[in-house]
Amino acid sequence: MNIVRWDEVEIEPLSEDVERQVVWGEKANLTRFSLAKGGHVLSHSHEAEQFTWVVEGALQLRIGTDVQVLRAGDMLVIPPHTEHEAWVLEPTVVLDFFAPRRDDWREGKDQYLTGSTANANTRNAVT
């Protein structure tokens, strides 16, 4: 067992608006996103259940047909295979826990984070 420090985890710049750090476990992963104000995470879904905690900043999230604003300290759970997208209202840091882990990212199926519409829906990804 190793101690992990965020300042030692590789930062992946995915676009001008999104940076990602991922800690991979055997069956789940914890991801830290840094999101620029005005950014948009395109609509997508995936097999994983997602726990989202806003550490700082604010997001407007659409989950299915429900729209919510989350601010620092707010957390929610997004069920598997549920369409969702986000608009960044101010510079934001989010921790997302995924189970099962998001192996689709390792396969390059993360275009919804980069602003590309190619493969934006990862509903059928196998993890």
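The values are calculated or read from the model by the stated rules, or taken from the named source; none is laboratory data. None of these values were measured; they are calculated from a predicted model. We place every Cβ from the backbone using ideal geometry, glycine too, and count neighbours over all the protein chains shown.
Annotation: GLY115 fulfils all but one of (1) small (Gly, Ala, Ser); (2) at negative phi; (3) at pLDDT below 95; the unmet one is (2).
Do we have any residue at all in segment 61-68 that's closer than 25 Å to ASP7 by Cα and of a type outside the set (Val, Ile, Thr)? No, every residue in segment 61-68 fails to be closer than 25 Å to ASP7 by Cα and of a type outside the set (Val, Ile, Thr). Here ASP110 meets each of (1) acidic (Asp, Glu); (2) at pLDDT below 95; (3) more than 12 Å from the chain's Cα centre (by Cα) with one exception, condition (3).
A Cβ distance below 6 Å, combined with a sequence gap of six or more or placement on separate chains, defines the contacts here; from segment 84-104, residues that are in contact (Cβ under 8 Å) with a residue 12 or more places away in the chain and under 16 Å from ILE11 (Cβ atoms) reach residues that are small (Gly, Ala, Ser) and in a strand (DSSP E or B) in the pairs PRO91/GLY57; THR92/GLY57; VAL93/SER34. The listed residues are ALA72, ALA99, ALA58, ALA36, and the only one of them that is of a type in the set (Gly, Ala, Ser), modelled with pLDDT of 95 or more and within 13 Å of the chain's Cα centre (by Cα) turns out to be ALA99.
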